[in-house]
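Participant: Once you've had a glance at the structure underneath, I'll fire off some questions.
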Amino acid sequence: MDKYIVVFGGCSWDYTFQQNNDRTYNDQPKQSNPGGKGANQAVAAARAGQKVKIISIIGDDENGKKIIENFKENNVDTDRLIQLQGVKSDSSKIYVSIEGENDIHRTIESIQKFTPELIYCNEDVLKNAEFIVTQSKLPREVYVELINFCHKHNLKLVLTPCPSKVLKSGENGNLDILRKITFITANKKE
């Protein structure tokens, strides 16, 4: 069986607004791009030559269509991607100041639809993955269940703690959770 990576995480569509010299922002974004940590991780791994499957939930809106198109253009397997009717795909408005600092305003809906059941209805795909990649932006009960599932089945799990404060080692039994993760990837701020 071919080895593959599973990314279990969120997807969004991002709109970037650049600050004008008078410190105002235009009503229309300067650009729009696919985003979301899960989607970005899946595309990056596929571009690096890996076989990648995404397990995620998006809406049936225009942004959802663009998210799927981006995955297909980047050879990410979308067989386990759920597109829910009547749900909006997550999106972000990113306001970039003249100094280059950004302020992100997220609209979340589809990522809140993740439940632990999503793990078990994709158990076959997860158990045969070389690596499983996820983020702590998912609802807590979902990523904790995924961590426990991977630990129980001796699966290699890569977690991006974003925001990192949700997994502070001294709180909520987090130290036990952290010990079950194979790899933790964090950026400088996290």
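The values are calculated or read from the model by the stated rules, or taken from the named source; none is laboratory data. Remember, predicted model here, so these are calculated numbers, not experimental data. As a convention, Cβ positions derive from the backbone with ideal geometry for all residues, glycine included, and neighbour counts pool all protein chains shown. These accessible areas exclude ligands, DNA and RNA; they are computed on the full protein's heavy atoms, side chains included. Shrake-Rupley method; radii C 1.70, N 1.55, O 1.52, S 1.80 Å.
Participant: Looking only at segment 84-102, count every residue that is in a strand (DSSP E or B), open to solvent by less than 80 Å² (accessible area, probe 1.4 Å) and without any contact (Cβ under 8 Å) to a residue 60 or more places away in the chain and tell me the total. Quick ask: steps written out before the conclusion?
Facilitator: First, pick out the residues of segment 84-102 that are in a strand (DSSP E or B): 84, 90-96, 102.
Then keep just the ones that are open to solvent by less than 80 Å² (accessible area, probe 1.4 Å); that gives 84, 90-92, 94-96.
Adding the requirement that they be without any contact (Cβ under 8 Å) to a residue 60 or more places away in the chain leaves 84.
Number satisfying all stated conditions: 1.
Participant: Residues of segment 103-152 being exposed (fewer than 14 other Cβ atoms within 10 Å of the Cβ), over 25 Å from residue 14 (Cβ atoms) and under 16 Å from the mean Cα position of the chain (by Cα), which ones?
Facilitator: Once the filter is applied, which keeps residues that are exposed (fewer than 14 other Cβ atoms within 10 Å of the Cβ), over 25 Å from residue 14 (Cβ atoms) and under 16 Å from the mean Cα position of the chain (by Cα), segment 103-152 yields only 141.
Participant: Given the condition touching a Ser or Thr at 6+ places or on another chain (Cβ under 7 Å), closer than 23 Å to residue 145 by Cβ and of a type in the set (Asp, Glu), answer yes or no: does some residue in segment 87-100 qualify?
Facilitator: Yes, the conditions are met somewhere in segment 87-100.
Participant: Please identify the pairs in which a residue from segment 121-134 that is without any contact (Cβ under 8 Å) to a residue 40 or more places away in the chain has its Cβ atom under 6 Å from the Cβ atom of a residue that is of a type outside the set (Phe, Trp, Tyr) and surrounded by fewer than 14 Cβ atoms within 10 Å (Cβ to Cβ), counting only partners at least 6 apart or on another chain.
Facilitator: Pairs found: 127/153.
Participant: Right, next: Of all residues in segment 115-145, count the ones that are out of contact with any Pro (no Cβ under 8 Å at 6 or more places or on another chain) and under 18 Å from residue 175 (Cβ atoms).
Facilitator: Residues flagged as out of contact with any Pro (no Cβ under 8 Å at 6 or more places or on another chain) and under 18 Å from residue 175 (Cβ atoms) within segment 115-145 amount to 3.
Participant: Oh, and also: When you go through (1) of a type in the set (D, E, K, R); (2) closer than 30 Å to residue 129 by Cα; (3) touching a strand residue (DSSP E or B) at 6+ places or on another chain (Cβ under 8 Å) one by one for residue 3, which number turns out not to apply?
Facilitator: Only one criterion in (1) of a type in the set (D, E, K, R); (2) closer than 30 Å to residue 129 by Cα; (3) touching a strand residue (DSSP E or B) at 6+ places or on another chain (Cβ under 8 Å) is unmet by residue 3, namely (3).
Participant: Tell me, yes or no, whether segment 69-76 has at least one residue that is at pLDDT 95 or above, part of a loop (DSSP other than H, G, I, E, B) and buried (at least 18 other Cβ atoms within 10 Å of the Cβ).
Facilitator: Initially, segment 69-76 is screened for residues at pLDDT 95 or above, giving 69-76.
If we keep only those that are part of a loop (DSSP other than H, G, I, E, B) as well, we get 74-75.
Next cut, buried (at least 18 other Cβ atoms within 10 Å of the Cβ) only: none.
No, every residue in segment 69-76 fails to be at pLDDT 95 or above, part of a loop (DSSP other than H, G, I, E, B) and buried (at least 18 other Cβ atoms within 10 Å of the Cβ).
Participant: Working carefully through the options 129, 186, find the one that is under 22 Å from residue 6 (Cβ atoms), at pLDDT 90 or above and in a loop (DSSP other than H, G, I, E, B).
Facilitator: Answer to the selection: 129.
Participant: Next up: Every residue in segment 33-52 that is in contact (Cβ under 8 Å) with a residue 24 or more places away in the chain and open to solvent by 40 Å² or more (accessible area, probe 1.4 Å), please. Even if it seems obvious, please write down each step before you answer.
Facilitator: To start, the set of residues in segment 33-52 that are in contact (Cβ under 8 Å) with a residue 24 or more places away in the chain comprises 34-39, 41-43, 45-47, 50-52.
Result: 34, 37, 41, 47, 50, 51.
Participant: What is the number of the single condition among (1) assigned to a strand (DSSP E or B); (2) open to solvent by 20 Å² or more (accessible area, probe 1.4 Å); (3) under 20 Å from residue 122 (Cα atoms) that residue 79 does not meet?
Facilitator: Evaluating residue 79 over (1) assigned to a strand (DSSP E or B); (2) open to solvent by 20 Å² or more (accessible area, probe 1.4 Å); (3) under 20 Å from residue 122 (Cα atoms) leaves (1) as the failure.
Participant: Can we say residue 66 is at pLDDT 95 or above and either in a helix (DSSP H, G or I) or among the hydroxyl-bearing types (Ser, Thr, Tyr) (or both)? Reasoning before the result, please.
Facilitator: Numbers: at pLDDT 95 or above: yes; either in a helix (DSSP H, G or I) or among the hydroxyl-bearing types (Ser, Thr, Tyr) (or both): yes.
Judged against the criteria, residue 66 is a match.
Participant: OK, next. Show the residue pairs meeting these rules: Cβ distance below 7 Å; 6+ apart or different chains; first residue within segment 55-75 and closer than 14 Å to residue 92 by Cα and of a type in the set (Gly, Ala, Ser); second residue open to solvent by less than 100 Å² (accessible area, probe 1.4 Å) and assigned to a loop (DSSP other than H, G, I, E, B).
Facilitator: Cβ pairs passing all conditions: 64/89.
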